[in-house]
Structure formats: C-alpha cells, structure tokens
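We did not get these values from a lab; they are worked out from the coordinates using the rules stated. Note that this is a predicted model, so its numbers are computed, not measured. So basically every Cβ, Gly included, is an ideal-geometry build from the backbone, and we count neighbours across all protein chains shown.
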Amino acid sequence: MASPQISSAANLVSAGFGVAVVPSSMRQVQVGGVSYHELHGKPLATGSALIHRQRERSPAVTNFVRIVKQYRSAARRSSGS
C-alpha cells in the first residue's frame, strides 16, 4: 500500500484497504482492528530517486543535487558496485 501520509496508513488498513509496512514508531498510533507485527530477518531496503529540473539555478537545489550525487558515488565505492 502507498499512502501520501504515513500516519493515514493505519486508518487505511483498519478500513480494509490491505496491509502496510511502516516504521516501528507507528506502533504508537493505536487504531481499532489494527495489529502491528515486527519484521525479522534481513533489513528492508528500497531504491531512491532524485528528480529536479535540468536547468534549475536555485543555489539550494543545485547544492542539494551535488551533495546527493556525491553521497551516491561514495556509497557505490564502499559497496563495490
């Protein structure tokens, strides 16, 4: 399930719209008919993507993109990818 607001995930589950994988901190959100179960085993991971306008000139955006690209390069080097 994808939810625009993670806090609404428990309500969607309660209403019968499926299941959700949420951070363990969500256990504090008590909703009738919803139970939380810890996941064991290999940690979950997901890919991420960064999108931005190609001709963006905002210093905040261009610096953020630069930092993300540096982080990605460093992560690839450390993982051997």
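Structure data summary
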quantity: Mean Cβ count within 10 Å, highest first, over the residues of peptides 11-24, 48-61, 67-80; calculated: 11-24, 67-80, 48-61
quantity: Contact order relative to length of the chain, as percent, for alpha carbon pairs under 8 angstrom and 6 or more apart; calculated: 19 percent
quantity: Which labelled figure in [x] 16.4, 46; [y] 18.3, 49; [z] 13.4, 54 is Rg and Dmax of the Cα atoms in Å, once derived from the coordinates; calculated: [y]
quantity: Residue-averaged [θ]222 nm for the chain, counting only DSSP H segments that reach four residues, each worth -39500 (n - 2.57); calculated: -10500 deg cm²/dmol
quantity: Theoretical gain in end-to-end length, Val19 to His40 [0.36 nm per residue, Cα-Cα removed]; calculated: 5.9 nm
quantity: C-alpha long axis of helix 59-79 to longest principal axis of the chain, angle in °; calculated: 80 degrees
quantity: For the chain, size of Cβ-based charge dipole, Lys and Arg +1, Asp and Glu -1, in debye; calculated: 640 debye
